[in-house]
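Worksheet: the structure to be examined is printed underneath.
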Amino acid sequence: MQTNHPFTYQIPEKFQDFLRVGMRVVVEFGNGNRKIQGFVTGLTDEYSGEHQLKSVIDVLDLNPVLSDEAMAMADWLTQRTFAFKIRCLQVMLPNAMRASYRKTLKLTGKIKDPALAALFNEQSEIEFNPQKLASTQLNQIEKLRKANQVEIVYHVDDRAKSKFVWAFKAQMSVKELQTVKKTLRKNAVKQKRLLDFLITNHEQEFVQSDVTRENNFTANDLKTAAEKGWITRYQIEKYRNPYQVDQVQPSTSKKLTAEQAHATDAVDQAINEAQAATFLLEGVTGSGKTEVYLQIIQHALAQGKSALMLVPEISLTPQIVRQFKARFGDQVALLHSALSDGERYDEWRRIENGDAQVVVGARSAIFAPIKNLGVIIMDEEHETSYKQEDMPRYHARDVAQWRGKYHHCPVVLGSATPSLESRARAQKGVYQWLRLTKRINGKALPQVQLVDMRQAGRYAPTTDISQELATEIQKKLALNEQVVLMLNRRGYSSFLMCRECGEVIKCPNCDISLTYHKDTNSLKCHYCGHEEPVPQVCPNCHSKAVRYFGTGTQRVEKELTELFPNVRILRMDVDTTRRKGAHERILDEFGKHHADILLGTQMIAKGLDFPNVTLVGVLNADTSLGLPDFRASERTFQLLTQVSGRAGRAEKEGNVLIQTYNPDHYAIQYARRQDYEHFFAKEMHVRHQGGYPPYYYTVQITASARKETDAAQKMFQIRGEIVNYLSQNAVILGPTPQSIMRINNRYYYQLVIKYKNEPQLENYLQNLLLTSQKEERNGLQIVIDRDPMNFI
DNA sequence: AGCACGCCGACT
DNA sequence: GTCGGCGTGCTC
């Protein structure tokens, strides 16, 4: 916070002509004059402040890497998310363009100490990494530095390096080449061949390595050809090609249903009229949302505009990518986390240069340097992964709407199960509401059956698999069809549930599940701070089977192999997908039917499309219901609806089995019927009662410190202050300790404010950031999160 | 984040 | 009188 403002530097004469806002520079900073990377945020002819100005050391760019739009967006983001400006600027750029800082030790005198001499090992400059050195060594180095024997040198490395390749093109005219050909020696076969090649392929540009390989020329042949003036050779930028999607078959527009056509037309019209409108495209699974997206993008391209398509990280699978590449070919640029820094940088450059007009990517792709935007599409709009969980804590949806306004282009939010916030806005007419109610193949949604685990528990073959599910799996295996099993890992073992009656222990004040704290063996409410000891018996049915809840994919896998000894199982969870491309490989294996059962966590719920899958089983629907979060029902409903959509995508009928301890819960009941509308109505009622979004806005303030009392005290102090700035209508929840109260020996306390219209709040919060800087020295950290997604 | 400075206790 | 640890303030 102390450095969260611009610093003024003098521009040396040599940079004065071309230095512009949005460029990266290297400057000296601080007492030690270490070199750091900075961004030019403004230029002025005069300086009247009292500071002694330092000079810009170096300029890293020939052209601004941050456009005017990016600069404006960073300003807005800083305000909106209570983040540091520098973080907002950095989030706009690919990692590779963020400098890496290095320190080296440079020898300027003679070293006598043998230990230090060994460290230098005859070299005059070595890497300097204070953490890796013993304190005695550091002391010696410090002495040497004071005696001017060694010097610490700071480096700023720009890691953004483009790859270049040689290319060439005929320089002489066809006629000239033919005359040259006649003057050649009789036995100059190769040169003749080259000339023929140039004559037949006149006007074309070639990459040298392609030609030498395919036509048996050498690099030297081309070099001499260039010297003789037959061709010109030059370097062109080569982009690394991520996701080598093996030669996709180009696809063409499919015929739209009436509903699809209506939706497409509405957005197309907004594109034509350059309207910054937001659309909510609500379409049941299998209603052909993707084709609508594709045609909208097509339309934008036809208008000479570009398009930005956001997809949740988890569903950015080759299957999805292939669909876009098939329709738009090389115009597509892909941005997602599995890319290496180099690949990401190349894609970024392609977008910036205008070589790619369609950007497909996950959350951070919303900042892609795309120009002339015609439309922004956000698929699976309700996904919580669109919210970044660290600074700057932005929601891609908000950024999308900001950019929509800036570019005067529509924003399309698509989902089968929209977030309550979006759906409520659509209903109010803030968003334009487009609906796809029918499935493309005309098939009914798959049959969903609930298995009541309270009953099933007594005769189930294993802890996690009921008799019903086991029988159903057996049937499908006999038919040589495939099965997807999902283990809901959300809320893993953090709440208490009765195995007999399904009762989840809730807070008497908040109607939110209590969270189990192992350290104190107690239950705490993270909303109001209520605390009670862990009950010995269930308060509802007095059974002793009160457990905290949780299970792992490994255990289920073991159970499955016991039940079905010869079955081939693929496991997909964070453990098996950590390596690059693993995700893809597992899905590919399963698609080729190299396995009968795919067992995984949430990640299998999204966007997979396997025609041979006829059974989807959900092992534990309840875990996400028990989360101490007012969005628990919404998340559970969304997850179950989504995973149910995975069954019977093609010719074969599919069915879905959901194992649950709460078969009567409305989220599960409505998910069973795939009934979003009734779920929405019911959940809106619940939110209204509790005073939660979308009826109220929320802001979460978190304090953390080494000492628990420091964090708690600060939060109570903030609470005391904040009441003076709030009206009667606002509600303050907490302060309460967070469920994982201690992470890395830091204690976390939080406070949530629910409000509708509080003009003073914004000011208070901005001010809080400023004033909390003093305490930050003592290790106290304050984080403000607007519209938080996680309350845990 | 990272550096320097200054205060203070420990040690020569 | 000196060294080193640690808290505090500053960075154009």
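The values are calculated or read from the model by the stated rules, or taken from the named source; none is laboratory data. Worth saying up front: this structure is predicted, and the values here are computed from it rather than measured. FYI the Cβ positions are ideal-geometry reconstructions off the backbone, even for glycines, and counts take in every protein chain you see. Calculation scope for accessible area: heavy atoms of the full protein, side chains included, ligands and nucleic acids excluded. Shrake-Rupley method; radii C 1.70, N 1.55, O 1.52, S 1.80 Å.
A DSSP coil position with no more than 14 other Cβ atoms inside 10 Å describes the following GluC sites (Glu not before Pro) in region A:615-686: A:E651, A:E653. Each residue, A:L119 and A:Q427, gets one label point 7 Å from its Cα in the Cβ direction; the gap between the two is 6.8 nm.
Each residue, A:V153 and A:A326, gets one label point 7 Å from its Cα in the Cβ direction; the gap between the two is 5.5 nm. Pairs exceeding 28 Å between alpha-carbon atoms, taken from A:K85/A:K428; A:K558/A:K592; A:K289/A:K652: A:K85/A:K428. Between A:F7 and A:I126, the C-beta separation translates, for a Förster distance of 30 Å, into a calculated FRET efficiency of about 0.45. Between A:R233 and A:H51, the distance separating the two model label sites (each 7 Å from Cα on the Cα→Cβ line) works out to 5.0 nm. The mean sequence separation of alpha-carbon pairs under 8 Å and at least six residues apart, normalised by the residue count of chain A, gives a relative contact order of 10 percent. Rounded to the nearest 20 debye, the dipole size of chain A about its Cα centre is 1620 debye, using +1 on the Cβ of Lys and Arg and -1 on the Cβ of Asp and Glu.
If the label point is 7 Å along Cα→Cβ of A:D68, which residues in region A:370-386 have backbone nitrogen under 19 Å from it? Once the point is set 7 Å along Cα→Cβ of A:D68, A:370-374 turn out to lie under 19 Å by backbone N, inside region A:370-386.
Expressed to the nearest 5 percent, the antiparallel share of DSSP beta bridges inside region A:258-436 is 5 percent. Rounded to 0.05, the FRET efficiency of the A:V567 and A:T463 pair, given R0 = 22 Å and the Cβ-Cβ distance, is 0.75.
Under the criterion of Cα pairs below 8 Å and six or more residues apart, the relative contact order for region A:697-786 equals 44 percent. A DSSP coil position with no more than 14 other Cβ atoms inside 10 Å describes the following trypsin sites (Lys or Arg not before Pro) in region A:664-703: A:R673. 3J(HN,Hα) couplings calculated from phi for region A:89-103 with the Karplus curve 6.51 cos²θ - 1.76 cosθ + 1.60 (θ = phi - 60°) are, in sequence order, 5, 5, 5, 7, 10, x, 3, 4, 8, 8, 5, 9, 9, 10, 10 Hz; Gly and Pro show x.
Among residues other than A:A74 with Cβ under 10 Å from its Cβ, the summed charge is 0 (Lys and Arg +1, Asp and Glu -1).
If you take every residue apart from A:D196 with its C-beta less than 12 Å away from the C-beta of A:D196, what net charge results, scoring Lys and Arg +1 and Asp and Glu -1?
Computed value for this residue: +4.
Please calculate how many Å² of accessible area region A:7-124 carries per residue, with a 1.4 Å probe and no DNA, RNA or ligand atoms counted. Could the numbers behind the result be given before it?
Values: 6880 Å² over 118 residues.
Per-residue value: 58 Å².
Which one, A:A356, A:L479, A:S522, projects farthest toward the positive side of the charge dipole computed for chain A from Cβ point charges (K/R +1, D/E -1)? Farthest towards the positive pole: A:A356. Between A:D341 and A:C501, the contour length at 0.36 nm per residue exceeds the alpha carbon distance by 52.5 nm.
Subtracting the Cα-Cα distance of A:D664 and A:A302 from 0.36 nm times their residue separation leaves 125.3 nm of extension gain.
Annotation: extensible slack from A:V537 through A:E708 equals 58.4 nm (criterion: 0.36 nm per residue apart, minus Cα-Cα distance).
Using helices alone, what [θ] at 222 nm do you get for chain A, with -39,500 (n - 2.57) per DSSP H run of 4 or more residues, divided over all residues and rounded to the nearest 500?
Calculated from helices alone, the mean residue ellipticity at 222 nm is -10000 deg cm²/dmol.
Computed with a 1.4 Å probe over protein heavy atoms only, the accessible surface of region A:164-237 comes to 64 Å² per residue. Remark on A:V451: its backbone amide H falls under 5 Å from those of A:I658, A:Q659, A:T660, a criterion applied only to residues 5 or more positions apart or on other chains, H modelled at 1.01 Å from N.
In region A:8-98, which GluC sites (Glu not before Pro) fall in coil by DSSP and have 13 or fewer other Cβ atoms within 10 Å?
Sites meeting the loop and neighbour criteria: A:E46, A:E50.
So in chain A, what percent of DSSP beta bridges are antiparallel if you round to the nearest 5? That works out to approximately 55 percent antiparallel. Using a 1.4 Å probe on the protein heavy atoms, what percent of the accessible area of chain A belongs to carbon and sulfur? Exposed carbon and sulfur together represent 47 percent of the surface.
Of A:K506/A:K714; A:K103/A:K143; A:K387/A:K754, which ones are farther than 23 Å apart at the Cα?
A:K506/A:K714
Restricting the calculation to Cα atoms, region A:697-786 yields a radius of gyration followed by a Dmax of 12.6, 38 Å.
When A:L138, A:L761 are compared by accessible surface with a 1.4 Å probe, the order from highest to lowest is A:L138, A:L761. Let a ≥ b ≥ c be the square roots of the eigenvalues of the Cα gyration tensor of chain A; is it rounded (a/c under 1.5), or, if not, prolate (a/b larger than b/c) or oblate? Because a/c hits 1.5 or more and a/b fails to exceed b/c, chain A counts as oblate. Which net charge results when you count Lys and Arg as +1 and Asp and Glu as -1 among the other residues whose beta-carbon is under 13 Å from that of A:N662? Spelling it out: positives minus negatives among the neighbours equals -1.
Over region A:697-786, accessible surface divided per residue gives 51 Å², non-protein components excluded, 1.4 Å probe.
Amide H to amide H distances under 5 Å link A:D622 with A:Y661, where only residues 5 or more positions off or on other chains count and H is placed in the peptide plane.
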